[in-house]
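S.K.: First the structure, then my questions, so here it is.
The values are calculated or read from the model by the stated rules, or taken from the named source; none is laboratory data. This one's a predicted model, so the numbers in the text were calculated from it and none came from an experiment. Cβ: placed from backbone, ideal geometry, glycine included. Neighbour counts: every protein chain shown. Accessible surface areas use protein heavy atoms only, side chains included; no ligands, DNA or RNA. Shrake-Rupley method; radii C 1.70, N 1.55, O 1.52, S 1.80 Å.
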Amino acid sequence: MVLLSGGLAFAGADPPKPEPPRDAIMEAQTPRGAPPTRPEQQKTEHDRTVGDAARKPPPASPVFKDQPKEGKITGFDFFRDPLNAERPFQTLEEIMAKETAARPGVMAAQRRLLEARYDLTPRFDPVAKMSRGKPLCVGPTARLAPGMDWERLAAMTPEAIKEAGIFPYPALPHPLQVNGGQVFPKMQLQMFPRLERFDVEFDLPEEFIPEFPPAIFLSNRPELGDVSRGEVVTINNFYRLFKDILTPVQLDGLQMLLTPFPQEEFNPTDDRKSPQPSLGVTCFDCHVNGHTTAQFHLTPDMRHQERRFRLDTTSLRGVFNQQIHGSKRSLRSVEDFTEFEQRTAYFNGDPIHAMKKGFIQLDRVRVSHMAQLQNMLDFPPAPKLDPDTGKLNPKLATESELRGEKLFFGKGQCGSCHPAPFYLDNRLHDLRLERFLKNEPGDGPIKSFTLRGIKDSPPYLHDGRALTLEDTVEFFNLVLKLKLDKGEKEDLVAFMRQL
């Protein structure tokens, strides 16, 4: 028996599904055909043949038949042929059919890999929650080699771990490396189906990724707390949500962050990976509510394709305190990051692709407005931290949290890269993971990101290979040879949850 809101009841059926929210971007790119009632709407024989004729033009001169290849481009033509097509003249329809059919196998292989590396059974902390109430998964989740435990592994040298091939945190790969590109979690696709791809899906279970929607905290109105109202901010609702909070300049910046721009996988061309032509993605499609919901792509900063690594979307909270931006590019202002993110990450670091798929030139006035809004995205409240030092107030913290803080700034060495009060040092660091990995080159220098509000941002490390905070502690215990015991690890996690 199901009770409807009006008081009526019926048996043997599921309740009606709620209507999906409006998506102005989806509506704008969805054509609505008019009934073909007028004479000019009727298809003629010319209409039916002009497309084929356009693909077989008469040569400009009969002389070409005696020239090499009769004057034709018979190999790959960048503008004509889809990116990474297997042969010249391959159509989007053929590529889409083939990759759609291959997608279940691609994701099954990724699932087997994840299950071999991790215990994906979610275990929730009975108390700890993210800012809007999502339970925190606890770990560690990484699977160890048979007969191994964390203490024995930590006692081994990097050379021995490498030789045995038992480092539990190798790089987490993109499920479809050859295509790469931005992949959105399923919970986001339920609301925004325009972001779905035909070739690949999101791979991590929902329990191990951030809240959707995330909370929003603004530095100009801290007394309001979370201003998201439990909604995903979009072009549909941003004015209603923020007209009484933001200035006109800031609203303009937010509007631009919610405006779609063509992107490598989401665009109108045959190079796209969306079933329908797309206006593109917005900045806040990836940085949902100025935060993240674990979307991932490949770093735009290196080649060959197989050398590129998976890169999780990072939070924009607290960018006002950051002096460098980007995991490897070390851009020196939010304005530069905003401009070059669209030019590089949107097109995998290749402006030639952008010219084909829809290059958007952002003027510096709009860029400055976008940057102003980003610079207002604040961290979640941390009531146990002293407002001046950023360290725990002893009167509010538990004994475990205080012990964890001492470890953080001492034996754990965390504070050397993540100093208080903002828990970042604006530098790039190379952990030289190749010391532990048998067949991987390591990652090179990677920017250290802020740990403020870290409990809201799983999974961890630049590629999400550490699914929980407990996994990050185990990772650094191995890499830095910290020799932490079980209690010390628990205390460190307890402290980081208060940041």
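S.K.: Only Lys, Arg, Asp and Glu count, each charged at its Cβ (+1, +1, -1, -1), so figure out the dipole size of segment 274-379 about its Cα centre, rounded to 20 debye. Can you show the working numbers first?
M.R.: Values: 13 positive and 11 negative charges, 61 e Å.
Charge dipole, segment 274-379, about its Cα centre: 300 debye, nearest 20.
S.K.: Hey, another quick one. Sort the following peptides by mean Cβ neighbour count (other Cβ atoms within 10 Å, averaged over residues), highest first: 65-73, 388-396.
M.R.: Numbers: 65-73: 9.9, 388-396: 13.1.
Peptide ranking by packing, descending: 388-396, 65-73.
S.K.: Quick one: how many Å² of Arg366 are accessible to a 1.4 Å probe, rounded to 10?
M.R.: We get 70 Å² for Arg366.
S.K.: Restricting attention to segment 430-476, which GluC sites (Glu not before Pro) occupy a DSSP loop and are surrounded by at most 15 other Cβ atoms within 10 Å? Intermediate results must be reported in sequence, preceding the final value.
M.R.: Working: sites: Glu434, Glu470, Glu474; in loops: none.
In loop regions of segment 430-476 (DSSP not H, G, I, E or B), there are no sparsely surrounded GluC sites (Glu not before Pro).
S.K.: Can you give me the accessible area per residue for the chain, using a 1.4 Å probe, in Å²? Write out the running numbers ahead of the final one.
M.R.: On the way: 24830 Å² over 499 residues.
Normalised by residue count, the accessible surface of the chain is 50 Å².
S.K.: Of the accessible area of segment 113-242, with the probe set at 1.4 angstrom, what percent is carbon plus sulfur?
M.R.: Details: 2990 of 5540 Å².
The computed percentage sits at 54.
S.K.: Can I ask one more? Can you give the relative contact order of segment 310-430 as a percent, counting alpha carbon pairs under 8 Å and 6+ residues apart?
M.R.: Values: 96 pairs, mean separation 28.8, N = 121.
Relative contact order comes out at 24 percent.
S.K.: While we're on this one: Given a 1.4 Å probe and the protein chains all in place, what does the accessible area of Tyr239 round to, in Å² to the nearest 10?
M.R.: 130
S.K.: What does the accessible area of Lys186 come to, in Å² to the nearest 10, when a probe of 1.4 Å is used?
M.R.: Using a 1.4 Å probe on the heavy atoms, I get roughly 120 Å².
S.K.: If you don't mind, there's one more thing I want to ask. Report, in debye and to the nearest 20, how large the dipole of segment 368-419 comes out about its Cα centre when Lys and Arg carry +1 and Asp and Glu carry -1 on their Cβ.
M.R.: Details: 6 positive and 6 negative charges, 42 e Å.
About 200 debye.
S.K.: Whose amide H sits under 5 Å from the amide H of Arg123, counting only residues 5 or more places off or on another chain, with H placed in the peptide plane?
M.R.: It is Val138, by chain and number.
S.K.: Quick check on my link table: of Lys129/Lys162; Lys134/Lys438; Lys243/Lys395; Lys243/Lys356; Lys129/Lys395, which ones sit more than 32 Å apart, alpha carbon to alpha carbon? Before the final figure, lay out the partial values.
M.R.: Details: Lys129/Lys162 36 Å; Lys134/Lys438 37 Å; Lys243/Lys395 39 Å; Lys243/Lys356 37 Å; Lys129/Lys395 22 Å.
The answer is Lys129/Lys162; Lys134/Lys438; Lys243/Lys395; Lys243/Lys356.
S.K.: What is the packing order of peptides 461-469, 100-108, taking the mean over residues of other C-beta atoms within 10 Å and listing the highest first? Please list the in-between numbers first.
M.R.: Details: 461-469: 23.6, 100-108: 12.9.
Ranked by mean Cβ neighbours within 10 Å, highest first: 461-469, 100-108.
S.K.: Right, something else. Can you tell me the orientation of helix 334-343 relative to the chain, as the angle in degrees between its alpha-carbon axis and the longest Cα principal axis, to the nearest 10?
M.R.: Taking Cα atoms only, the helix is inclined about 40 degrees.
S.K.: A further question on this structure: Given the options Ser228, Pro173, Phe184, identify the residue whose Cα lies farthest towards the positive end of the charge dipole of segment 154-239 (+1 on Cβ of Lys, Arg; -1 on Cβ of Asp, Glu).
M.R.: The residue sitting farthest along the positive end of the dipole is Ser228.
S.K.: Based on DSSP H runs of at least 4 residues, each adding -39500 (n - 2.57), what is the mean residue ellipticity at 222 nm of the chain after dividing by all its residues, to the nearest 500 deg cm²/dmol?
M.R.: Details: 15 runs with 140 residues, N = 499.
-8000 deg cm²/dmol, from helical runs alone.
S.K.: Under a point-charge model restricted to the Cβ atoms of Lys and Arg (+1) and Asp and Glu (-1), what is the dipole moment magnitude of the chain relative to its Cα centre, in debye to the nearest 20?
M.R.: Working: 66 positive and 69 negative charges, 64 e Å.
With only Lys, Arg, Asp and Glu charged at Cβ, the dipole is about 300 debye.
S.K.: Which Cα, out of Pro419, Phe359, Thr450, lies furthest along the positive dipole direction of segment 351-456 (beta carbon charges, K/R +1, D/E -1)?
M.R.: The residue sitting farthest along the positive end of the dipole is Phe359.
S.K.: Can you work out ³J(HN,Hα) from phi for every residue in segment 127-140, in order, using Karplus 6.51 cos²θ - 1.76 cosθ + 1.60 and θ = phi - 60°, giving whole Hz and x for Gly and Pro?
M.R.: Working through the residues one at a time gives 10, 5, 9, 6, 4, 9, x, 5, x, 8, 6, 10, x, x Hz.
S.K.: With θ set to phi - 60°, apply the Karplus curve 6.51 cos²θ - 1.76 cosθ + 1.60 along segment 439-450 and write out the HN-Hα couplings as whole Hz, x wherever there is a Gly or Pro.
M.R.: Working through the residues one at a time gives 10, 10, x, x, 10, x, x, 10, 5, 7, 9, 4 Hz.
S.K.: On a 0 to 90° scale, report how tilted helix 399-408 is relative to the longest principal axis of the chain, with both axes built from alpha carbons and the result rounded to the nearest 10.
M.R.: Helix 399-408 and the main axis of the chain meet at about 70 degrees.
S.K.: Still on this structure, I have one more. When you count, for each residue, the other Cβ atoms within 10 Å and take the mean per peptide, how do 220-231, 37-48 rank with the highest first? Could the numbers behind the result be given before it?
M.R.: On the way: 220-231: 13.1, 37-48: 8.0.
Per-residue Cβ counts within 10 Å, averaged per peptide and sorted highest first, yield 220-231, 37-48.
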